[in-house]
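Working notes, structure below.
Derivation of every value follows stated rules applied to the coordinates shown; laboratory data play no part. For clarity, every value in this text was computed on a predicted model and none was experimentally measured. Here Cβ is always computed from backbone atoms with ideal geometry, including for glycine, and neighbour counts include all displayed protein chains.
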Amino acid sequence: MCAREQNTRLTSVAEPNLRLALCRIPISVALLLLFLSAKNMAPTVEADAQTQYTIPVSWQLPPGQVNIAVPATPEWAHDAVLDALRIWNEAQLWVKEKIFKTGEVYMFSESASGTEVRFVYRDQSGCGAVLDTPKGRVISLRLMDSFNKTISPVVVTSCAAHELGHILGLGHTSVHLDLMSGLVIPAAPSTLDLYAVHLLAGGLKERTIVTLPSDITYARAPVPIPSFTTTHIQSLTPTPAPTATDTTTSTPAVTLTPSQRTTNALPTMSVPTLDANTSVILGVMVFVMVLSARVFLIRRKS
């Protein structure tokens, strides 16, 4: 009787220790897998990261002067749009001089006729859009936010520069913080945007996806842009590529008066990525943790 009681006591003491050991084994395996996968989970830029820089294009205009009809009032909004025209003009001249050397460009010019700019207040959800009308394409820019406050001139300039990209035939890119992405940001056109425009000016007339070549570094054109704060970031209304073709008369170019400017920093970004091996390791980790929990519950019930 004493021997049986002693065995029972030893068993009652050994069972919790056995359960604890069984739980520790899969947890240790999970921690080991987590350690081995930590390197793969770190933010990296893959060798073929250049292929991430793509943008859809659709030919719209022949190269040369592009006339933009900007309302004279309110004056601050008029000047903000002129600043957007300047940003595109200077960026194209820079990339032609530094990279392409030859080729046609698009030069924006204020004119009494041409692509019309309209200032609206509460008639659209986003800060800007390109509209197809019977009279041609129209750039619609919102000047008042949802709180009935006047939108910053910096936002109007950034939004106008984005919509001018659509006028040239650029679509939305998935490259974060690019001028042609889905956010209004204080950015000059990137080398991706300018390379796509260079192809369009050179006669690329098919609707396609343009990829930045590996010998061209992704960066923003170093042209002055208006000062900006993060409180001005707004969402853009997705704008389909326009289909109409403008037939405007050529008029002398005007000198664009810029608003407040600041230097344009070049972004260097890396995005956390998970490769196939890391995904498998994470899956095994989850399986092991679930298995350890089931073993613990089964032992507890028994």
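Can you put V210, V138, V156, V120 in order, fewest other beta carbons within 10 Å first? Could you put the intermediate results ahead of the total?
On the way: V210 22, V138 17, V156 28, V120 13.
Least to most surrounded, the residues fall as V120, V138, V210, V156.
By its C-alpha gyration tensor, with a ≥ b ≥ c as the square roots of the eigenvalues, how is the stretch 72-181 shaped: rounded for a/c under 1.5, else prolate for a/b larger than b/c, else oblate?
Verdict is prolate for the stretch 72-181.
Do any of K96/K205; K96/K135; K98/K135 go past 26 Å between their Cα atoms, and which?
From K96/K205; K96/K135; K98/K135, over 26 Å: K96/K135; K98/K135.
Once Lys and Arg get +1 and Asp and Glu get -1 on their Cβ, which of S58, F108, S214 lies farthest toward the positive end of the dipole of the stretch 49-232?
Positive-end residue among those listed: S58.
Could you give the nm distance between label points at T102 and A219, where each point is 7 Å from its Cα heading toward the beta carbon?
Computed distance between label sites T102 and A219 equals 2.5 nm.
Please work out whether the stretch 49-232 counts as rounded, prolate or oblate from its C-alpha gyration tensor, where a ≥ b ≥ c are the square roots of the eigenvalues and a/c under 1.5 means rounded, while otherwise a/b larger than b/c means prolate and anything else oblate?
prolate
Assigning unit charges at the beta carbon (Lys, Arg +1; Asp, Glu -1) and nothing else, what dipole magnitude in debye, to the nearest 20, does the stretch 49-232 show about its Cα centre?
160 debye
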